[in-house]
Structure formats: C-alpha cells, structure tokens
Amino acid sequence: MIVVSKFGGSSMKDHEAMLRSAAISKKQNASITLVSATYGTTDQLHELVDLAVEGKWNECEKKLFTVRERHFDILQNLTNDQLVGERLRELLNNLETLTRGIFLLGECSEKAKDRMVSFGERLSSLLFAEALKMTWPDMVVEHFDSRKILKTNSQYGKAKPNITKIRNNCEAYFKLGGKTTYVGQGYIGSDDEDFTTTLGRGGSDYSAALFAEGVKADVLEIWTDVAGIATTDPRICEQAQPIHEISYNEAGEMAQYGAKILHASTLVPAMRERIPVFVGSSYAADEKGTWIREAVADKPLVRAIAKRSNQALLTIRTPKMMNSFGFMGRIFDVFTNNEISVDCVSTSEISVAISTDEANLKNSKLTSKFI
Ligand code: ADP
Ligand code: ASP
Ligand code: MG
C-alpha cells in the first residue's frame, strides 16, 4: 500500500510538532512525506522580499535572524549532527546572500521571489527528515529535492504542473515498498530551465496530490491543525460540525470557494487517479477526520459553507450590451487569454459583474483591456 502524506505549517511549528508528525508518518507507513515551511515562515519570506526591495536592510537582518533562530532552535532540539547543522547553515547563508542581492538591486522579479520563498520548505524538510530518522530508525530516510520531480511551466508564483513529466520523474526516481521512505518539500517545483517555481500559496496540498498521482498512491493524507473538513471554518464558527465523508466534487468546490483547509486544485490529480484523500489533525491523529472519495452515501441539502477573502468585483457596464450578441463571449475571452479564473458571475441587460481573486488585478494586461 502506497501512502503519500503531507504535513502543513502548523504541523512543522517546532520540534515537538515535527516529532508528532514523524510518528504519524511512521504509523501510517508513509512512502513519501511532503512538508510545508515551518509555521509563519512563508509569510516572513514574502515580507523579507518586500523589505529588501524597499531598501530596509536593518529590518531584513531582523527578519533573517528570526528565521535563522527558529530553525536552529528546532535543530538543537532534534540532533547534534554536525553535517545537518552545516547544511542548515548553508541554506540560511544562501537565503541571506539572495536577500542582499535583492536589497542591492532594489527590485525582485517573480522568478527571484519564488527562489526566495522556496527556502521555507527546503529548511523545514531538512529538519523533518532528521525527526523522521529518529522516529523510524529501521527505515532509510531519503531527503530529496522536490524540484527535480515536480516540473512546471514558468508562471512564477502560480506555476502549472507538467503532469506527464511529473509522472515520468516519479517512476524513475522512487523505489517504493522497500526499506526507504522519502521526505520532500511541498509547494515548490522547477521549470524547464530548472529555475525554482511555486504552486501558489497553500500549494503544498497540491504538490502532495501531484506526487500521489505520479506514484499511483493508494491513499493521500493531508495532515493539518484541525481534525478534517467541517461544515464551515471552525476557527471562525465554533458550531462547525465535522464531516466524516465527502465527495471529490463537494470538497473541491469548497476548496475553490475559499475553504482554506485544501488548496483549490488539490483534488484534481486525486480524482484523475481515483485516490482517496484523508484529512486529519496531526495534533489529534486518532480523531476520525474526513475521507474524500468519489461517491458518498450521505447527501444533505447543504453540505457546508465556505468563505473566500480578498476578492475583487469587476463590473462591466455598457448600453452596447443591449440586444447585442457575442458580448459575453468577448468579455470571457479576455479572462481566458490572461489565464484568469473567474468565480461568480451575475448579469443584467447592460452589465456583467465578475468576482475574481484580488491578486489578479495586479495583472495589468487584464485591467488595461477594461479601461
Ligand atoms: P496547513 O498549514 O496544515 O496547510 P491551513 O491553515 O492551510 O493548514 O488549513 C487549515 C485551516 O483551514 C484550519 O485551521 C481552518 O481554520 C481552515 N478551514 C477553513 N475552512 C475549513 C473547513 N470547512 N473545515 C476545516 N477547516 C477549515
Ligand atoms: N508554505 C506555503 C504557504 O504557506 C505552502 C503551504 O504551506 O501549503 O503558502
Ligand atoms: Mg494549507
């Protein structure tokens, strides 16, 4: 049985969280474990980029110090292996050098930003591999670089995976079912020229699903800080009820409409290979959690409520729409050509209102078409 497990940032918070997660990997006999950056680190790396661009070197140093301390603190609580210490130091030094480069230039391309934020997962996975070695001594723990396997296009910041290449790389690289268990990074990949890419915020879930598809896993496990999917975000609404079983379509729609528990694209690869997905809490691994499958018996009228933040509403209003044809087609062509996903649409005789992620407004090619 091939199990691919993914642990999110809160499951990588400190050495205790890492050891707890490692114990789950062992108990579940995970073949491949992917991890997110330690809690809050990806946000801090994004802030670091902004500070460097703004020329605030003192602030950059403070931020680098925080990141360094957090990771060395985990290391010291896990192992005194000199070699791992050196590898951690090397990664942190590279991060500092890159930050310095951005500071000196006073600008940062999306490509360089992906390289910067990739350090989060590269640091955490190095430490988690140590936690797993301690927890599972009878296995060979191989720490691998996900960028060698998860090939994408060059859309930095939100790269699209190349499924065929990922499958081929998975087949060539992993020797599953034996004495080796693999630890890699969620969220990051690389393009055809081997430049680092990322799958977008929260993308580690998606990475895990792509690896699960690539190795034709029997189960994909997403371990987070809540015991599965609930009827709404339990952090916002304490009456949220657990959902023990949900279909791919329903869970996918929840994710698409903002339920942060899963990255919006996670279920697409799982559905292609019909891999059942389990969502559970790394803090309470014995709780029931949620199984996401093709079909479920229970079909309530309303399954769940999701909240999506940071949305922009674009309203296109013109009397030219009245009694004309082809107008809608032209509007949606603009979104298609700019590869932008449209969420909700409402129309009247002379206007169309469209909601999309606020971040899409940064796409000047899109907005200039409407101005
Ligand atoms: P991770 O770091 O493990 O990827 P995330 O913070 O990305 O964790 O996702 C887990 C969070 O998703 C939960 O803490 C919860 O606040 C939020 N969430 C949003 N909607 C739901 C829901 N319907 N059911 C459960 N959790 C939800
Ligand atoms: N570390 C990345 C983020 O915070 C990816 C992830 O955690 O899924 O967005
Ligand atoms: Mg997440």
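Could you calculate, for the chain, the ratio of the Cα radius of gyration to the Kirkwood radius, expressed as Rg to Rh?
Using only Cα positions, Rg/Rh for the chain is 0.99.
Taking every C-alpha pair closer than 8 Å and separated by at least 6 residues, the mean separation divided by the residue count of the chain gives a relative contact order of 16 percent. Highest mean packing comes first when the peptides 185-195, 323-333, 79-89 are listed by Cβ atoms within 10 Å, giving 185-195, 79-89, 323-333. Measuring only protein heavy atoms, the 1.4 Å probe finds Ile236 accessible over about 110 Å². Our coupling estimate for the range 250-261, obtained by passing each phi through the Karplus curve with A = 6.51, B = -1.76, C = 1.60 and θ = phi - 60°, is 5, 5, x, 5, 4, 5, 4, 8, x, 5, 5, 3 Hz, Gly and Pro reported as x. Placing +1 on each Lys and Arg Cβ and -1 on each Asp and Glu Cβ, with no other charges, gives the chain a dipole about its Cα centre of roughly 580 debye. Counting only protein heavy atoms and a 1.4 Å probe, the range 1-77 has 42 square angstrom of accessible area per residue. Per-residue Karplus couplings for the range 235-245, computed as 6.51 cos²θ - 1.76 cosθ + 1.60 with θ equal to phi - 60°, are listed in order as 6, 9, 10, 6, 7, 3, 9, x, 10, 8, 9 Hz, Gly and Pro entered as x. Our coupling estimate for the range 59-72, obtained by passing each phi through the Karplus curve with A = 6.51, B = -1.76, C = 1.60 and θ = phi - 60°, is 5, 4, 4, 4, 5, 4, 4, 4, 5, 4, 4, 4, 6, 5 Hz, Gly and Pro reported as x.
The values are calculated or read from the model by the stated rules, or taken from the named source; none is laboratory data. Everything numeric here is computed off the predicted structure, so don't read it as measured data. Reconstructed Cβ throughout: ideal geometry from the backbone, glycine too, with neighbour counts over all protein chains shown. Calculation scope for accessible area: heavy atoms of the full protein, side chains included, ligands and nucleic acids excluded. Shrake-Rupley method; radii C 1.70, N 1.55, O 1.52, S 1.80 Å.
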